[in-house]
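Scroll down for the structure; my scribbles are underneath it.
The values are calculated or read from the model by the stated rules, or taken from the named source; none is laboratory data. Note that the coordinates shown come from a computational prediction; the quantities given were computed from them, not determined experimentally. All Cβ positions, glycine included, derive from the backbone under ideal geometry; neighbour counts span all protein chains shown. Note: areas computed on protein heavy atoms with side chains; ligands, DNA, RNA excluded. Shrake-Rupley method; radii C 1.70, N 1.55, O 1.52, S 1.80 Å.
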Amino acid sequence: QVQLVESGGALVQPGGSLRLSCVASGNIFGINTMGWYRQAPGKQRELVAGITSGGSTNYTDSVKGRFTISRDNAKKTVYLQMNSLKPEDTALYYCNAEIRRLGYLRYLEHWGQGTLVTVSS
């Protein structure tokens, strides 16, 4: 089995910073694209940022210049550094990764359980 476990969510004041982490574990052969999604109450889940195995990144417009996604392939970990946080960043943040398991040929999408980020004074 494969697991994605997020950490780092917290309550933070507007203008503050947080760093989210997501570690992949299990019988993993390889990891392709990794990313962070978020879902605010009453809204659809949206892509926040993604990063390929080669390090290419993409961001949703609302977080450009404030959030930075990175990964450590050796540690099978993806990070999301969030600066200048705003109340509208409040959401449950999910880790997503395309993972190929040992003994399998295809990369399949996996999700973490989510970590809550609340931005409020």
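Taken as a whole, region 26-38 holds at least one residue that is within 17 Å of Gln81 (Cβ to Cβ), of a type in the set (Phe, Trp, Tyr) and open to solvent by 20 Å² or more (accessible area, probe 1.4 Å).
Candidates Ser7, Ser53: the one that is surrounded by 13 or more Cβ atoms within 10 Å (Cβ to Cβ) and either more than 17 Å from Gln81 (Cβ to Cβ) or at pLDDT below 95 (or both) is Ser53.
Each residue in region 68-121 was checked for being surrounded by fewer than 16 Cβ atoms within 10 Å (Cβ to Cβ) and basic (Lys, Arg), and 3 of them qualify.
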